[in-house]
Each structure stands twice: as C-alpha cells, then as structure tokens.
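So the structure is just underneath, and the comments pick up after that.
The values are calculated or read from the model by the stated rules, or taken from the named source; none is laboratory data. Model, not experiment: these values are computed from the prediction. Cβ placement follows ideal geometry from the backbone for every residue including glycine, while neighbour counts extend to all protein chains displayed.
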Amino acid sequence: MTARDTSALNAELRRRAYLDAMQVATWLPRTELPFAAPSRMELLAPPPVDEAPEVASEPLAVVAEVVREAPAVRPKIEIPRPGAQPRQAVVEPVAEAEPVEEKPVRVSVPPPRFALQLLRAGDCALLVELPTGQSFQSRDPAYILLKDLLRAAGLPDSPQLLGEPVRWPLLVRGNMDQGPQAALEFVQSFVAARLEEQPCTCLWLVGLPAIRFAGEADEQSYNRELQIEGLGACWAVPGLELLMEEPARKRELWQAMRRTRQRWLAPAHS
C-alpha cells in the first residue's frame, strides 16, 4: 500500500468516526469513495409516499354555495340628522329603601312613694302627708303642729280619721301600673268617694304628695287656693315636716290662712 492509499484510508476512518460521533447511521457520498464498502441498494430506493385520503368534493361545494348565497352583513352606521338631539342614556331610578318606623321607647318610671291620711275637722277635710309613713301618734311633733294649725284656723283640734292611710305604691310586686298618673287617679278617686259621703267646705292639701296627687299642682302652689274638678275648693299647705325645718314658712302660712279661713268660718257666723 502506497502512501496515497494510506492517506485515503485514514481520511475514511476519520469520516466514519465523525459520523459515529454525530450518530449518523446512513449516509450517501456524492462521489465514489476509494476503499469504501459497496452501497446497499435498499437504502438508495426512494421512500414510499403515503396516498392522501380522498376528500369528498360535495361538502366543499355545498359550503362554497352557502357562502356565495349568504348576504354580506355590513355594520350599520347611524348618521345624525340635522337638528336631532343626541340620544341620552336612560338611567332607571334606584328604589330607595323604605324608612324604618322607629317605635317610641317606653321608659319605665319608678312608682312614687308616699303615705297620706285623710282627716276631718269641722267643715274641712284634710289630706295630710305622713312624714314617717305611719299613722299619727298623740305625741308626734308633726301631729302637735297640725293641732296648732287647726286651732289657729278656728277648727276642732282633734280631727277625725276618714279611712286607713293611703300608702303608695299599693303593691310591692306585680305588673300593675303604679306610676305617677296611676297614683294621681287613685288618690283623687279615693278622696272624691269620701267627700261624697261627707261633703266639706274646703279640702286642705297638706304636703307636696297631697298637692301633687290630689291637686295636680306642685310647690309653687303653697298657700294658694285651688279649684279641683271632683274635689271642689282646696287649699295647698306646706308639709308639716317642712314647716318644722323652716319656721319662716309659718308666717307666710298664717297670712294666707287669714284670707282663706273665711271660707269655712262664714257658715258659723251666718
């Protein structure tokens, strides 16, 4: 083997090494290579061509016919007319929520607390506040003061009891309304029933509870005459305990008594 042949053989070996490195299993040289192995004819045969499936021409024709017959849809462009007002979007009114009616909150008022005693002296009846809540005793300072007032008014100083004391609230427990309005109605009904049995010329209301729940007045009515429906003529007098605590009120009471006592003394002089 000559040097030329050796060089060609080495070139072939290098080519095959390159092809193996590139993972090329089949290749065809463009020219005949020296010392190359004969080519295999099956590798030189052209690859078989797969026949494409026949496509029905009728559906395509139908589709083409439909496309030809379908009218072309063009976008509608609205051209504004001269003088025409532009359309405005109509906004539907939103339904307002109905106002919720607020129910008045009922505030429970605690029942008033007092004790009253109805008495009779001559032509006068006396609805007197019991300072201690208990019936008068002969040695009670409040009762002694009441006797002094009756003597100054020209009335008997030993008053007669008309029924039991009225103590409010009536019930310690229960759901019965015992508020101020209920107390007023009860006291007026109680006194009116007793006066119907034994009429009087004037009713003394002695003490703020008597003035408030029989005369429907307040402390501004001290030493004044009141005309109460169902009870007749009344005279508002400060409470016995208040007169003892504030002696200056006795002078105002005496001045008012000089004007008022003519009401119950007049029949005696007639």
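Being in contact with a strand residue (DSSP E or B) (Cβ under 9 Å, 6 or more places away or on another chain), of a type in the set (A, V, I, L, M), in a strand (DSSP E or B) and assigned by TED's automatic domain parsing to the domain that holds residue 248 holds for only one residue in 191, 128, 187, and it is 128. Out of the stretch 230-248, which residues are farther than 19 Å from residue 130 by Cα and either buried (at least 17 other Cβ atoms within 10 Å of the Cβ) or among the polar types (S, T, N, Q) (or both)? 231, the sole residue that qualifies. The residues in the stretch 146-160 that are assigned to a strand (DSSP E or B) and free of Cβ contacts under 8 Å to residues at least 40 places away in the same chain can be counted, and the count is 0. Scanning the stretch 194-209 for residues that are within 43 Å of the chain's Cα centre (by Cα) and assigned to a loop (DSSP other than H, G, I, E, B) yields a single hit, 207. Contact map, the stretch 204-220: first residue crowded, with 24+ Cβ neighbours inside 10 Å, second residue of a type in the set (Lys, Arg) and modelled with pLDDT of 95 or more, Cβ cut-off under 6 Å, separation 6 or more or different chains; the map is empty. Got at least one residue in the stretch 179-194 being among the small types (Gly, Ala, Ser), touching a Pro at 6+ places or on another chain (Cβ under 7 Å) and farther than 23 Å from residue 259 by Cβ? Taking every residue of the stretch 179-194 in turn, at least one turns out to be among the small types (Gly, Ala, Ser), touching a Pro at 6+ places or on another chain (Cβ under 7 Å) and farther than 23 Å from residue 259 by Cβ. Within the stretch 181-200, the set of residues being closer than 22 Å to residue 112 by Cβ and surrounded by 15 or more Cβ atoms within 10 Å (Cβ to Cβ) comprises 182, 183, 184, 186, 187, 188, 190, 191, 192, 194.
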